[in-house]
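The values are calculated or read from the model by the stated rules, or taken from the named source; none is laboratory data. Since the model is a prediction, treat every value here as computed from it, not as a measurement. Backbone-built Cβ (ideal geometry, glycine too); neighbour counts: all protein chains shown.
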Amino acid sequence: MRSNEPKITPELVASHGLKPDEYERILKLIGREPTFTELGIFSAMWNEHCSYKSSRIHLRGLPTKAPWVIQGPGENAGVIDIGDGHAVVFKMESHNHPSYIEPYQGATTGVGGILRDVFTMGARPIACLNALSFGAPEHPKTRHLVSGVVAGVGGYGNSFGVPTVGGQVRFHTRYDGNILVNAMAVGLASADKIFYAAASGVNMPIVYLGSKTGRDGIHGASMASAEFDDDSAEKRPTVQVGDPFAEKLLLEACLEIMAADCVIAIQDMGAAGLTCSAVEMGAKGDLGVDLNLDAVPTRETGMSAYEMMLSESQERMLMVLKPEKEKEAEAIFRKWGLDFAVVGYTTPSKRFRVKHGGDVMADLPIKELGDEAPLYDRPHVAQPARAVIAAREVEPPIGLAEALQKLIATPELCSKRWVWEQYDHVILGNTVQRPGGDAAVVRVEDGPKGLALTVDVTPRYCEADPYQGGMQAVAEAWRNITAVGGRPLAITDNLNFGNPERPEIMGQFVGCLKGISEACRVLDFPVVSGNVSLYNETNGRGILPTPSIGGVGVLDDFTKSASLAFKAGGEAILLIGETQGWLGQSVYLRDICGREEGAPPPVDLAAEKRNGDVVRGMIRAGTATAAHDISDGGLLVALAEMAIASGIGAQLLAAPASTVPHAFWFGEDQARYVVTVPAEQAGLVLAKMKGAGVHCSRIGTTGGDAIAIAGEDALSVASLKDGFESWFPAYMAGKA
Amino acid sequence: MKSAVLVFPGINRERDMARALKLASGNETAMVWHAETSLPGGTDLVVVPGGFSYGDYLRCGAIAARSPVMDAVRDFAAKGGLVLGVCNGFQILCEAGLLPGVLMRNARLKFICKDVHLRIERSDTPFTRGYNAGQVIRVPVAHGEGNYEADEETLKRLEGEGRVLYRYCSADGVVDEHANINGAAHSIAGIVSERGNVLGMMPHPENHVEDIMGCTDGRGLFAGLVAHMDRAA
């Protein structure tokens, strides 16, 4: 081994994010002191981001199976069967820390990374979604971060050529020092042509494809596994730089060599770059890997083995090719102007050997690098349950109409048009429902099948009650898909939490995960891929627990999807699901009453299923002319959104006498939908619902140009729309 | 109608365009790689589609405009062949010298994807015969650099010769600054060459040709081209 590498000292070990006991583990595993390069490799493989050392033990409890699941967690992305030979490949991943330090590049590389995960498996990406959490609007950095992240998400997806069709944008002071950028990609593949990471066969060439390796992103994954402090901006050099053009070429070249049947195994170089991808290919295939770094295409001269092994330069892939197809594959890559180099071979040794300039820089047991990573069952405590807030004890500070006008223009509930109009959401010509609805709908090839896609979570519920919040996130994703007429099939989860070494944070994680598991099981909505992002803290203050749920559902006929816009005047408006008026943790309580308090609404999964199945049936039968799930802001906000989307108003009956009016209209009880049906069918529908044991009542009639509750001031749809659309652009222009 | 769609590295709306062309003409479209030096025999229409050729690096369209296939397109256009450039295609045609002017960064400095309204300025051209003069159509835009600019002399000529075919307008056809989505000179969305056989436009008619897209106003452009070719044949 080369002698000019730094000496291994306790300080050097610590600066690699490895704890003393973890270093002991390394010594025991290899029986000697590691080289500098080896230390770097261990730090890359054993950080939280890559090893899931704090979360693995709990992730095992997630339901991951269903007859339609082709590939669950553990590969680049999850794969489900949607029939007719089609498979949908999807995953969501975070790029939180880089996006806070360098919002544009952080967001672009987040999108780039997740797209690569999807096309690595042989799928052509057909849609992207994202979930963005920013600090309070009044925080001095927020505007800059929103502007940079949105431009970055758009900058990558627009150029790559995939429609960004949906997502979430939220603001909360708990994200002031640690924003969240969660990107989801969805691709379409042939069910019998899925590509995996496991290498097979000894002495097979390992090929490096794509962009050259530079010094960017070194230790990116380690940064993503540490808390932030005031000096975090100094970590800017660890942020990678995205090149969507290179990725587009990589996509086309990869799909072409896959179609030409050249590929045995493929793995993208994401977190921890060459290290992680090479180890995974070998370990999954029960093989060793010999890498020759002299063959790696580099962007700059003089790069050390350490730097090459840890670089997170983007738009790179590693493949094992069929030897007889090597020339054909190379010609395809050259045609697309991409680098192609044989950088190693598979070996029978089960060792991971890295050579550079004639020296062996690393020689490690390949399986143990992954399998023997530390595994922690960290202590966790559940927080005391929050008090249930009785609706009758909440005094309404303002009238219903005034509250609605105010709520619809809050950062939480206002239109996010300013954001999604910067994303190309129509490219590929398959977008049936654009952003702004409950779920996006995209056509599958020439149809008639369609996909319903959504991302959802309500972090304030998760904070107040992790178990209920975890269930609610899954239930709401399920409901969003249902509300457009889709059959929910599977989810990807992106679990964003604070420092797992603090028992209360670990308690949030464990609680949310339990809730997610329970909801997935009952709703038959398994987890097929995901990502865990911990240490989302700055100066010891954690984010709201934010387990983003990306849901995928299928429609047998996309022309039978429902949208939330009212379709005509004179139609009956039906409320499906039970309304008690749950104000705890509601947007009303927070933004109108100034109280961020109480227990969140409980989730009744049996009711979710019963009510959702009924709504989906009505959409399929063509009975429901519009449908919308009721979530943040409650019933009246849902109705306002349906009115704003159509320009058609509604005449509403007064709240039932048994309820507290402001709780009836703004409570956030779960498992509820608003649907409209032609007036003459209302009686029949109500009778049917009664028979099925589903709460359903007629609450009004569409028509006019205002939302008018009996006995209350009417609010014109035009003024609601104005408030709804105004906040975001005004804020970004510095006027709100 | 036999059409050829050019494919440069980084182009990403070639499939959308091929689908729209097939819908209108019933024929498969030839996809022509940028390194080719000739167009398929019997080509009636060359389309330079949208996307980010060469990543929009250097200047939008600048690198693609210097591709081998563009020499063939220049010859084709010189003989009167019909050429349609959409979005990045418009930028490429300007950079290639087939159309005057340049597409600058949007006035509000942001990428914009939304439906816009266009006023058809005249209907007596192959590119607009599917519409009526004065008709307003709705099609999406998706660009960051669609702000058309040219020197005063050029703009005067374009207007004087009736070469502005599409202009940004409101839903009821009013052309004003409010409807001018990207700040383009004279609200220009699409222009033709002096001879009238090369059209460049920023909006995407190919993304509004089926009911599922929420609107079919883009069909007129393709239907008009097919009708023009049928008459010529």
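Residues checked against (1) crowded, with 23+ Cβ neighbours inside 10 Å; (2) within 14 Å of another protein chain (Cβ to nearest Cβ):
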residue	(1), (2)
B:Leu6	yes, no
B:Ser38	no, no
B:Phe52	yes, yes
B:Tyr57	no, yes
B:Cys60	yes, yes
B:Ser67	no, yes
B:Asp75	no, no
B:Val83	yes, no
**Asked** Which one of these is buried (at least 23 other Cβ atoms within 10 Å of the Cβ) and at negative phi: A:His49, A:His86?
**Response** A:His49
**Asked** (1) closer than 29 Å to B:Asn12 by Cα; (2) touching a residue at least 40 places away in the same chain (Cβ under 8 Å); (3) more than 14 Å from chain A (Cβ to nearest Cβ): which one isn't true of B:Cys215, the others all being true?
**Response** (3)
**Complete:** Here, helices (runs of 4 or more DSSP H) confined to region A:410-522 with at least 3 residues that are in contact with a helix residue (DSSP H, G or I) (Cβ under 8 Å, 6 or more places away or on another chain) and crowded, with 23+ Cβ neighbours inside 10 Å are A:459-464, A:466-483
**Asked** How many residues does region A:443-464 hold that are within 14 Å of another protein chain (Cβ to nearest Cβ) and more than 18 Å from the chain's Cα centre (by Cα)?
**Response** 8
**Request:** Mind listing whichever residues of region A:573-587 are assigned to a strand (DSSP E or B) and touching a Gly at 6+ places or on another chain (Cβ under 7 Å)?
**Result:** A:Ile573
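Could you grab me the full set of residues in region A:411-430 that are under 22 Å from A:Asp84 (Cα atoms), in contact (Cβ under 8 Å) with a residue 40 or more places away in the chain and facing chain B (nearest Cβ under 7 Å)?
The one that is under 22 Å from A:Asp84 (Cα atoms), in contact (Cβ under 8 Å) with a residue 40 or more places away in the chain and facing chain B (nearest Cβ under 7 Å): A:Leu428.
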**Prompt:** For A:Ser349, all conditions in the list (1) surrounded by fewer than 16 Cβ atoms within 10 Å (Cβ to Cβ); (2) not in a strand (DSSP E or B) hold save one; what is the number of the exception?
**Reply:** (1)
**Message:** Restricting to region A:385-401, and then to whatever is part of a helix (DSSP H, G or I) and in contact (Cβ under 8 Å) with a residue 12 or more places away in the chain, can you tell me which residue is nearest to the other protein chains (Cβ to nearest Cβ)?
**Reply:** A:Ala401
**Message:** Restricting to region B:192-210, count the residues that are touching a helix residue (DSSP H, G or I) at 6+ places or on another chain (Cβ under 8 Å) and within 14 Å of chain A (Cβ to nearest Cβ).
**Reply:** 8
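Scan region A:215-234 and tell me whether some residue there is within 14 Å of another protein chain (Cβ to nearest Cβ) and either at pLDDT below 95 or in contact with a strand residue (DSSP E or B) (Cβ under 8 Å, 6 or more places away or on another chain) (or both).
No; the residues of region A:215-234 include none that is within 14 Å of another protein chain (Cβ to nearest Cβ) and either at pLDDT below 95 or in contact with a strand residue (DSSP E or B) (Cβ under 8 Å, 6 or more places away or on another chain) (or both).
Condition check ((1) touching a helix residue (DSSP H, G or I) at 6+ places or on another chain (Cβ under 9 Å); (2) acidic (Asp, Glu); (3) modelled with pLDDT under 95) across all residues:
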site: A:Val289; (1), (2), (3): yes, no, no
site: A:Thr301; (1), (2), (3): no, no, yes
site: A:Glu326; (1), (2), (3): no, yes, yes
site: A:Arg334; (1), (2), (3): no, no, yes
**Message:** Can you confirm whether A:Glu11 is over 30 Å from A:Gly553 (Cα atoms), buried (at least 17 other Cβ atoms within 10 Å of the Cβ) and either among the hydroxyl-bearing types (Ser, Thr, Tyr) or modelled with pLDDT under 95 (or both)?
**Reply:** no
**Prompt:** What residue, among those in region A:145-198 that are in a loop (DSSP other than H, G, I, E, B), within 14 Å of another protein chain (Cβ to nearest Cβ) and of a type outside the set (Gly, Ala, Ser), is surrounded by the most Cβ atoms within 10 Å (Cβ to Cβ)?
**Reply:** A:Val162
**Message:** I'd like to check something: does region A:46-53 contain any residue that is of a type in the set (Phe, Trp, Tyr) and modelled with pLDDT of 95 or more?
**Reply:** no
**Request:** Tell me, please, whether a residue that is outside any strand (DSSP E or B) and either of a type in the set (Asp, Glu) or within 14 Å of another protein chain (Cβ to nearest Cβ) (or both) can be found in region A:356-367.
**Result:** no
**Request:** Could you list all residues from region B:123-175 that are within 14 Å of chain A (Cβ to nearest Cβ) and either in a loop (DSSP other than H, G, I, E, B) or surrounded by fewer than 22 Cβ atoms within 10 Å (Cβ to Cβ) (or both)?
**Result:** B:Arg138, B:Gly144, B:Glu145, B:Gly146, B:Ala171
**Asked** Tell me, which residue of region A:302-334 that is closer than 22 Å to A:Gly242 by Cα and within 14 Å of chain B (Cβ to nearest Cβ) is surrounded by the fewest Cβ atoms within 10 Å (Cβ to Cβ)?
**Response** A:Arg334
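Can you confirm whether B:Arg108 is of a type in the set (Lys, Arg), buried (at least 18 other Cβ atoms within 10 Å of the Cβ) and either within 14 Å of another protein chain (Cβ to nearest Cβ) or part of a helix (DSSP H, G or I) (or both)?
No: the conditions fail for B:Arg108.
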**Message:** For region A:249-287, give me the residue count where each residue is within 14 Å of chain B (Cβ to nearest Cβ) and more than 24 Å from the chain's Cα centre (by Cα).
**Reply:** 5
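Residues checked against (1) of a type outside the set (Asp, Glu); (2) more than 21 Å from A:Ala452 (Cβ to Cβ); (3) not in a loop (DSSP other than H, G, I, E, B):
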{"site": "A:Phe42", "(1), (2), (3)": "yes, yes, yes"}
{"site": "A:Cys50", "(1), (2), (3)": "yes, yes, yes"}
{"site": "A:Ser54", "(1), (2), (3)": "yes, yes, no"}
{"site": "A:Ala127", "(1), (2), (3)": "yes, no, yes"}
{"site": "A:His139", "(1), (2), (3)": "yes, yes, no"}
**Message:** Show the residue pairs meeting these rules: Cβ distance below 9 Å; 6+ apart or different chains; first residue within region A:135-157 and at negative phi; second residue basic (Lys, Arg) and surrounded by 20 or more Cβ atoms within 10 Å (Cβ to Cβ).
**Reply:** A:Gly135/A:Arg174; A:Ala136/A:Arg174
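Do we have A:Asp524 as more than 30 Å from A:Arg698 (Cβ to Cβ) and in contact (Cβ under 8 Å) with a residue 60 or more places away in the chain here?
For A:Asp524, the condition - more than 30 Å from A:Arg698 (Cβ to Cβ) and in contact (Cβ under 8 Å) with a residue 60 or more places away in the chain - is met.
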**Item:** Complete set of residues in region A:356-388 that are out of contact with any helix residue (DSSP H, G or I) (no Cβ under 7 Å at 6 or more places or on another chain) and over 28 Å from A:Gly344 (Cα atoms)
**Value:** A:Tyr376, A:Pro384, A:Ala385, A:Ala387, A:Val388
